[in-house]
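Remarks on the structure that follows.
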Amino acid sequence: MKEQGSSPRVRKALLADLSAILEIDSLSDPMSWTGDAYRAYLSDLPGTCGLVVSDQAGIWGFAVARRVGDELEILKIAVHPQRRGQGLASCLMEELEKTARSWGAPAWILEVRESNEAALALYRKFGLEIRGRRPGYYADQGEDALLMTGVLPASRLND
Ligand SMILES: CC(C)(COP(=O)(O)OP(=O)(O)OC[C@H]1O[C@@H](n2cnc3c(N)ncnc32)[C@H](O)[C@@H]1OP(=O)(O)O)[C@@H](O)C(=O)NCCC(=O)NCCS
């Protein structure tokens with residue numbers, strides 16, 4: 001079990017963070033990604049974003065996103081089960097919002113399982129709303145995905 005450490009901070013994810021990311025993903029998502037799927041997001045390539053939130057005890061959460069047209073698409077966000085409910089995903093979302101602004105992307109978008117109450121509440125907190133449904137999207141259980149989008153206030157773009 002990891003011990004809790006100093007106050008958390010968000011930084012760009014590095015290839016060296018891959019094993020921690022894979023561990024959190026495997027504890028968080030029944031359709032976890034492979035290491036190869038993550039590599040592109042840990043290499044600071046244009047139009048991609050990988051973030052981790054960590055403290056002195058280690059890495060507790062991560063997010064990966066990409067630019068698709070004028071939108072930032074959140075592909076993954078997860079927090080270690082021991083540290084949920086402490087604002088860590090909110091820290092990651094704030095940094096993703098800054099990334100969208102730095103890309104000049106006026107909107108963000110994602111898919112979420114309709115049963116994922118915690119994630120739905122997190123996204124609503126950041127102004128995303130349900131705009132559509134993708135029936136049977138998740139191959140493991142055939143659950144529907146909800147498509148959520150949000151528009152960043154124009155006044156806050158390119159801050
Ligand atoms: C969804 C997840 C990333 C939230 O991480 P977290 O660090 O616990 O989230 P935060 O503490 O920043 O909470 C942010 C908001 O989410 C909501 N929330 C968080 N956990 C919740 C829960 N268990 N039930 C209901 N709402 C919840 C609250 O609105 C909270 O805002 P508040 O603290 O101002 O009330 C985390 O539960 C997780 O990793 N889940 C498994 C992976 C996953 O489902 N990822 C999303 C895939 S689309």
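FYI, it's all coordinate maths here, none of it is from the lab. This one's a predicted model, so the numbers in the text were calculated from it and none came from an experiment. Here the Cβ is made from the backbone with ideal geometry for all residues, glycine too, and neighbour counts use every protein chain on show.
May I ask you to derive the FRET efficiency for Q86 and A107 from their Cβ-Cβ distance with R0 = 30 Å, giving the value to the nearest 0.05? Kindly include the intermediate steps, with their values, before the conclusion.
Details: r = 28 Å, r/R0 = 0.93.
Calculated transfer efficiency: 0.60.
For the stretch 9-156, averaging the sequence separation of C-alpha pairs within contact (under 8 Å, six or more residues apart) and dividing by the residue count gives a relative contact order of 18 percent. Computed from the C-beta positions of A57 and M31, the FRET efficiency with R₀ = 30 Å rounds to 0.60. Distance between the 7 Å Cα→Cβ label points at A16 and D140: 3.1 nm.
For the stretch 27-77, the square roots of the Cα gyration tensor eigenvalues, ordered a ≥ b ≥ c, give a/c of at least 1.5 with a/b greater than b/c, which places it in the prolate category. In terms of other Cβ atoms within 10 Å, S7, S90, S28 run from fewest to most in the order S7, S90, S28.
Reported value for the chain: 115 Å³ per residue, from the convex hull of its C-alpha atoms. The ratio of the alpha-carbon radius of gyration of the stretch 51-115 to the globular-protein estimate 2.2 N^0.38 Å is 1.17. Label sites at D44 and V151, each approximated as a point 7 angstrom past Cα along Cα to Cβ, lie 3.4 nm apart.
Descending by average beta-carbon neighbour count within 10 Å, the peptides 111-118, 134-141 line up as 111-118, 134-141, the highest first.
Could you tell me which of rounded, prolate or oblate describes the stretch 67-159, using a ≥ b ≥ c as the square roots of the eigenvalues of the alpha-carbon gyration tensor, with rounded for a/c under 1.5 and, failing that, prolate when a/b is larger than b/c and oblate otherwise? Please list the in-between numbers first.
Values: a/c = 2.16, a/b = 1.31, b/c = 1.64.
Here the stretch 67-159 falls in the oblate category.
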